[in-house]
Structure formats: C-alpha cells, structure tokens
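The values are calculated or read from the model by the stated rules, or taken from the named source; none is laboratory data. What you see is a predicted model, and the numbers here were worked out from it, not measured in a lab. All Cβ positions, glycine included, derive from the backbone under ideal geometry; neighbour counts span all protein chains shown. These accessible areas exclude ligands, DNA and RNA; they are computed on the full protein's heavy atoms, side chains included. Shrake-Rupley method; radii C 1.70, N 1.55, O 1.52, S 1.80 Å.
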Amino acid sequence: MTRLLHSEGRSIWDVIDFQRDRLGKDLLWGLLWIFVLFIPFAATVNGVAFLIFGTDYLNQFEVIFTGDLANNPLTTPVWLRWVGAIVALFFPFINAPIEEIMYRGYAQPKFAEGFGKPWAGIVIPSIGFGLQHCMLAASWQGALVYIGAFFFWGLGSALIFHYHQRLFPIIIAHFVVNLAFAAMPLVLLMLDVY
C-alpha cells in the first residue's frame, strides 16, 4: 500500500487523516462506531445461524465457531501456543489499520471513481471484506456466518467513511474490537484451556 500510494503522490498518513487536534473527537466517534457497527454484525451472526440451524441455532454456536473440536480436540505444542500469543498480542495493532486503509481508504474511492457510482465503492470492497474473513472459520457454517457478518461490518464502515470522510475513527473502532477478540485467545492460551 505504501508504494502504491506513493506512486499516486499520497501517503498512508494522508489516507488515515490523523489529526492531533481531533484525537478526542476521533476516539469518541470510534467508540460510537463500535456500537453502530456491532448491531448489524450481531444480527447477521444470529440471522445466518438461524437460517442454517433453525430454532436450535443458539446450541450450535460451538459448531459455528470451533468446528468439530469436541470430537477432535487439538493438541497444541507449547511453542505454538507462544507463537499464537505473540500473534494475538500484535494483531490489533497491525490488522485494523491495514484492513481499513486497504478496503475503505484505498479501494472504496477507487471503485466509486472507476464505476462512477458511490455504491460500487461501498458494496464491492464490503464483499471482499466479508469473503476475506471466511478463512477464519472452523466450519462451513462458520464461513457463511463470517462472510455475512463481516460483509455487514464492512458495509457499515464504508457508509460511515462515505458520509464522514474520516478513516481514523473507523480504525479506532476496528482496533478496539480486534483488541477484545485478541485478548480472549491470549487468556485461553495462558490458562491452558484449549
């Protein structure tokens, strides 16, 4: 991204649009966006799970999120647990800015400009964002849930970026959510629950 933006006469900082004098406002906007984005995200997780499993969907979350671990438990070597812990520790700091810069800060304006329609810039990167996250799934059911949920998270983020033209608050929201989800694996790894 750095080289690509540089070839266009821009920088990562131009795309992020960090402004020290707006930091407090950006933090508050970021916290608001967490709640705004979480509602369709959670509704989609539950809706897709309901479509797959019917009224028993709440009892199927283990299948959705862990696959068949109950019948095939993992045996994880200690060194791999430490690698996982290190990855989980750095993940929020790297993932949130990279994904937001790539999908919202770069691809969204490019698709909108290329198609001459703002909706293309909003929808197409959101589809990519949803599809990218299916690789995190432990089952095909989880893949469908992830694609749907992350599509709607991406769509919400894209709409926010389109109307507010500020990427930094969305990066903050994404970072906080990633931090929360990275903390849980760290706790499970350290407590040897896995």
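Report yes if Ala85 is open to solvent by less than 20 Å² (accessible area, probe 1.4 Å), out of contact with any Cys (no Cβ under 9 Å at 6 or more places or on another chain), hydrophobic (A, V, I, L, M, F, W, C) and at pLDDT below 95, otherwise no.
On the way: open to solvent by less than 20 Å² (accessible area, probe 1.4 Å): yes; out of contact with any Cys (no Cβ under 9 Å at 6 or more places or on another chain): yes; hydrophobic (A, V, I, L, M, F, W, C): yes; at pLDDT below 95: yes.
Against the criterion (open to solvent by less than 20 Å² (accessible area, probe 1.4 Å), out of contact with any Cys (no Cβ under 9 Å at 6 or more places or on another chain), hydrophobic (A, V, I, L, M, F, W, C) and at pLDDT below 95), Ala85 qualifies.
Pairs, please: C-beta under 7 Å, at least 6 apart or cross-chain, first residue open to solvent by less than 20 Å² (accessible area, probe 1.4 Å) and in segment 135-150, second polar (S, T, N, Q) and part of a helix (DSSP H, G or I)?
Filtered contacts from segment 135-150: Gly148/Thr44; Ala149/Thr44.
Quick one: Cys134 ticks every box in (1) closer than 27 Å to Ala43 by Cβ; (2) at pLDDT 95 or above except a single one, so which number is it?
Only one criterion in (1) closer than 27 Å to Ala43 by Cβ; (2) at pLDDT 95 or above is unmet by Cys134, namely (2).
Met102: of a type in the set (A, V, I, L, M, F, W, C), open to solvent by 50 Å² or more (accessible area, probe 1.4 Å) and more than 30 Å from Asn59 (Cα to Cα), yes or no? Spell out how you get there, then give the answer.
Working: of a type in the set (A, V, I, L, M, F, W, C): yes; open to solvent by 50 Å² or more (accessible area, probe 1.4 Å): yes; more than 30 Å from Asn59 (Cα to Cα): yes.
Spelling it out, Met102 is indeed of a type in the set (A, V, I, L, M, F, W, C), open to solvent by 50 Å² or more (accessible area, probe 1.4 Å) and more than 30 Å from Asn59 (Cα to Cα).
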